[in-house]
Structures are given as structure tokens and as C-alpha cells.
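Worksheet for the structure shown next.
Read the figures in this text as sums done on the coordinates, not as results from a lab. Since the model is a prediction, treat every value here as computed from it, not as a measurement. For neighbour counting, all protein chains shown are included, and Cβ atoms are generated from backbone atoms with ideal geometry for every residue, glycine included.
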Amino acid sequence: MQVHLRALAANDVEAAVAYYREEAGPDTALNFVDALEAAINHLQQHPFTGSLRFAFELEIPELRNWPLQKFPYLIFYVATDNRIDIWRILHARRDIPAHLSPPPLA
């Protein structure tokens, strides 16, 4: 299954990696990247397992989220039969509705 990382999601990853590298060291930053890769691999195998909670809250059809293991981040994505479109990767304590709105077509 193809995975598409939108620009905002790529920016989210870069910011999280930079934060962990500066605040907790390079090993923690690498562990974050490993957790993100594991979560994306899971979604490639089981794309419809993510929660639809925010889809209902924000009225964004089919928006799902999946948590990273050992890190307080959520992957927000829309899945189709052959593609996972990752919109954002946000810290779980952020104001999620303020950071999620339908992005422009990519």
C-alpha cells in the first residue's frame, strides 16, 4: 500500500525529531523515528484500524488516527483501498481540532 506524507506531516516529523534530539538526545530522536516507521508499517498492513473519533468530532469523513508506541504522538490519516494519505503527526496533548482542517488537495 502506498503512503503519502503531506507537507504538514513532514514538518511535524522534522519538528518532533529536532525537539527530541535537543531535549533528550539523538538516541531518543532515533527511537521516535523507529516508532513512527513501525506505526506506518502497521497502517500499511491494517489501514482501517485507526480510530474515527476525530472524523466525527471535526466532521472530516474517514479521518483516522493511530498512536505511536512509547511516544505521545498520533498519526492522522485517510485510507483508501490502495493509499494512506497522512495529514498530520501531532502530539496528543495539542489542541487537535485547531491543528486539523481539511488540507488542500495534494
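Placing +1 on the Cβ of each Lys and Arg and -1 on the Cβ of each Asp and Glu in the chain, which of A15, L5, L30 has its Cα farthest towards the positive end of the resulting dipole?
It is L5, whose Cα lies furthest towards the positive end.
Once R0 is set to 22 Å, what does the formula 1/(1 + (r/R0)^6) return for the Cβ-Cβ distance between L58 and T80, expressed as a FRET efficiency to the nearest 0.05?
E between L58 and T80, to the nearest 0.05, is 0.70.
Based on the alpha carbon coordinates of the chain, what radius of gyration and maximum Cα-Cα distance (Dmax) apply, in Å?
Taking only Cα atoms of the chain, I get Rg and Dmax of 13.3, 39 Å.
Please give the calculated 222 nm ellipticity per residue for the chain, where each DSSP H segment of at least 4 residues contributes -39500 (n - 2.57) and the sum is spread over every residue; nearest 500 deg cm²/dmol?
For the chain, the value works out to -14000 deg cm²/dmol.
Would you please name the GluC sites (Glu not before Pro) within the stretch 25-106 that are DSSP coil residues with at most 13 other C-beta atoms within 10 Å of their C-beta?
For GluC sites (Glu not before Pro) across the stretch 25-106 that sit outside H, G, I, E and B with at most 13 neighbouring Cβ atoms in 10 Å, the list reads E59, E62.
How far, in degrees from 0 to 90, does helix 26-45 lean away from the longest principal axis of the Cα atoms of the chain, to the nearest 10?
The angle comes out near 20 degrees.
Just to confirm a number: summing +1 for Lys and Arg and -1 for Asp and Glu over residues other than Y20 whose beta-carbon lies under 12 angstrom from that of Y20, what do you get?
Every neighbour counted, the sum reads -3.
If one takes the longest principal axis of the Cα atoms in the chain, at what angle in degrees, from 0 to 90 and to the nearest 10, does the Cα axis of helix 7-24 lie?
30
What does the charge add up to near V33, with Lys and Arg as +1, Asp and Glu as -1, over the other residues with Cβ less than 14 Å from its Cβ?
Taking every other residue near V33 into account, the sum is -3.
Scan the chain for chymotrypsin sites (Phe, Trp or Tyr not before Pro) in coil per DSSP, keeping those whose Cβ has at most 15 other Cβ atoms within 10 Å, and list them by number.
F48
Using a simple spin-label model with points 7 Å from Cα along the Cα→Cβ vector, what separation in nm is obtained for R93 and E14?
2.5
Let me check against my output: what whole-number percent is the relative contact order of the chain, with C-alpha pairs under 8 Å and at least 6 apart?
Value for the chain: 29 percent.
About the Cα centre, and with charges only on the beta carbon of Lys, Arg (+1) and Asp, Glu (-1), how big is the dipole of the stretch 2-92? Nearest 20 debye, please.
Using Cβ point charges on Lys, Arg, Asp and Glu, the stretch 2-92 gives about 140 debye.
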